[in-house]
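Each remark here refers to the structure printed beneath this line.
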Amino acid sequence: MKRIAIYAFMLMSLLYSCGQMELKEDGTSRYSRDSLLDLLGHYSYIGCHDSVIMTARPMIDEALEAGDTVTAFYAGVFTAQSFLFFENTDSIKYYIDRISPFYGNLDKETFNDRIIYNNVLGCYYLRTDLDYSRALSHFLEGLELARNAGYVNNTVAMLSNIVNIFYLQEDSLGYDYAAEAYKTAFSENSRNTYYKCVACVDMCGMLLLKGQTDLAEKYAVEAEMWCDSSEARSQYAIINLLNAEICERRGGMEKAAEYYRKAVDAADMADKGTVSNLCLRYGGFLERTGDYDRAMEMYQKGLELSRYNNTLEFKNNLIGCIADLSYRMGNMSMAGEFYRLYKVYMDSIYISREREFNLLILSNKDIMYQQEILVKELRLQESERRFIISSLIVVMVVVTMILVIVHYRRKQKIYKALVEQHRKYMQTLDKEKELKAGGVASGRNTYGKDAEVRSGL
């Protein structure tokens with residue numbers, strides 16, 4: 001997975017999309033700038049990098065003479081990335097140094113140009129200085145820009161470049177970035193099958209570093225499927241390399257050898273970084289199977305390629321492998337020479353770079369830890385707020401229920417008193433009626449007796 005070919009395609013896609021953006025700059029150069037972007041984007045998309053350089057390079061001086069630093073920046077970015085395809089690191093540095101002072105003049109509302117700039121710088125520092133920390137910083141900045149702009153493909157590209165740094169370190173901590181790249185590549189907004197292939201390759205590589213061979217195979221199969229459908233030929237070598245490692249871990253040495261041979265056959269379509277990785281991995285396989293001569297041949301081919309392209313990726317690994325194999329083959333003078341060379345590289349570059357990278361990772365982890373703590377505190381505060389609100393609601397409901405019950409009981413008590421009062425009142429009325437009824441009857445009896453007396457007389 002240690003590949004720079006992915007950088008090439010990513011930059012090509014990024015630059016092609018750059019030609020479609022709307023610029024907010026006002027001035028006489030507006031039309032020519034848009035035309036320039038369209039033209040350079042087209043050349044990059046079809047792989048005519050010589051034409052990009054021939055067109056963009058003179059535009060830098062013309063734009064600077066006219067005081068148009070934005071156009072100069074665009075032309076310089078195209079020129080630098082085209083030299084990246086040609087492995088010309090000196091020219092990359094020259095044009096990056098020329099345009100870097102104008103980075104602050106770019107419109108903050110446009111994202112493509114700044115994403116491309118950070119991608120080119122990240123690739124440059126990784127390949128020429130093996131400066132993991134600076135490369136990671138630029139890739140992270142490009143990732144933030146891509147996320148803010150909502151560019152799905154660019155987001156996957158930046159995430160994949162970050163995963164590549166961790167793969168170079170053989171560090172499975174890059175798994176989270178690979179998982180995010182996979183999730184983004186297969187989101188509803190993603191239609192690019194190339195980036196689906198890249199995301200599967202990233203997941204496979206990280207899972208192998210985590211020791212999850214069975215799950216890694218699943219992504220290797222998926223990567224091959226998307227590779228065929230998207231014609232991502234630059235990925236054939238790395239996919240076969242990953243398949244070879246999977247087979248070797250399972251003891252299928254013949255099948256692993258077959259995949260290694262397929263990877264070698266596809267090397268012409270891969271970038272130089274992937275070829276160096278192939279030489280290192282295949283050489284190790286040949287050494288483990290006892291074919292020392294061919295293993296030494298592969299190691300030396302990878303080292304020669306690294307020296308020719310002036311890149312540091314895998315260089316220390318190749319030097320160390322040559323030293324160990326020379327000692328095993330009995331060539332003590334050659335072993336001593338490469339051991340000294342290995343020590344020089346380790347002391348001068350690799351140890352300091354790894355230390356800087358580890359410090360940056362620790363710093364980022366600390367920031368992420370602080371952010372997680374902040375998120376947890378906010379969640380806790382939100383939970384407390386919800387608890388307080390819920391408690392208040394419960395209290396209000398309970399109080400309301402108590403008031404309703406009290407009111408109901410008072411009402412019932414009043415009704416009971418009224419009923420009792422009414423009952424007593426009715427009893428009183430009944431007694432009065434009885435008394436009245438008794439008085440009338442007594443009067444009637446007296447009148448009857450008087451009548452009888454009179455009639456007797």
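The values are calculated or read from the model by the stated rules, or taken from the named source; none is laboratory data. As the structure is a prediction and not an experimental result, all values here were calculated from the model. Cβ placement follows ideal geometry from the backbone for every residue including glycine, while neighbour counts extend to all protein chains displayed.
The residues of the range 203-216 that are under 22 Å from the mean Cα position of the chain (by Cα) and in a helix (DSSP H, G or I), listed by number, are Met203, Cys204, Gly205, Met206, Leu207, Leu208, Leu209, Leu215, Ala216.
Give the residue that is surrounded by the fewest Cβ atoms within 10 Å (Cβ to Cβ), with candidates limited to residues of the range 301-335 that are free of Cβ contacts under 8 Å to residues at least 12 places away in the same chain and in a loop (DSSP other than H, G, I, E, B). The extreme case among them is Gly330. All conditions but one from (1) closer than 21 Å to Thr128 by Cβ; (2) at pLDDT 90 or above apply to Asp324; the one that does not is (1).
Pick from Thr110, Thr128: which is under 19 Å from Gln81 (Cβ atoms) and in a loop (DSSP other than H, G, I, E, B)? From the options Thr110, Thr128, the qualifying one is Thr110.
Of all positions in the range 252-259, none carries a residue that is part of a helix (DSSP H, G or I) and touching a residue at least 40 places away in the same chain (Cβ under 8 Å).
Given the criteria in a helix (DSSP H, G or I) and touching a Phe, Trp or Tyr at 6+ places or on another chain (Cβ under 6 Å), does Ser229 qualify? So Ser229 fails the test.
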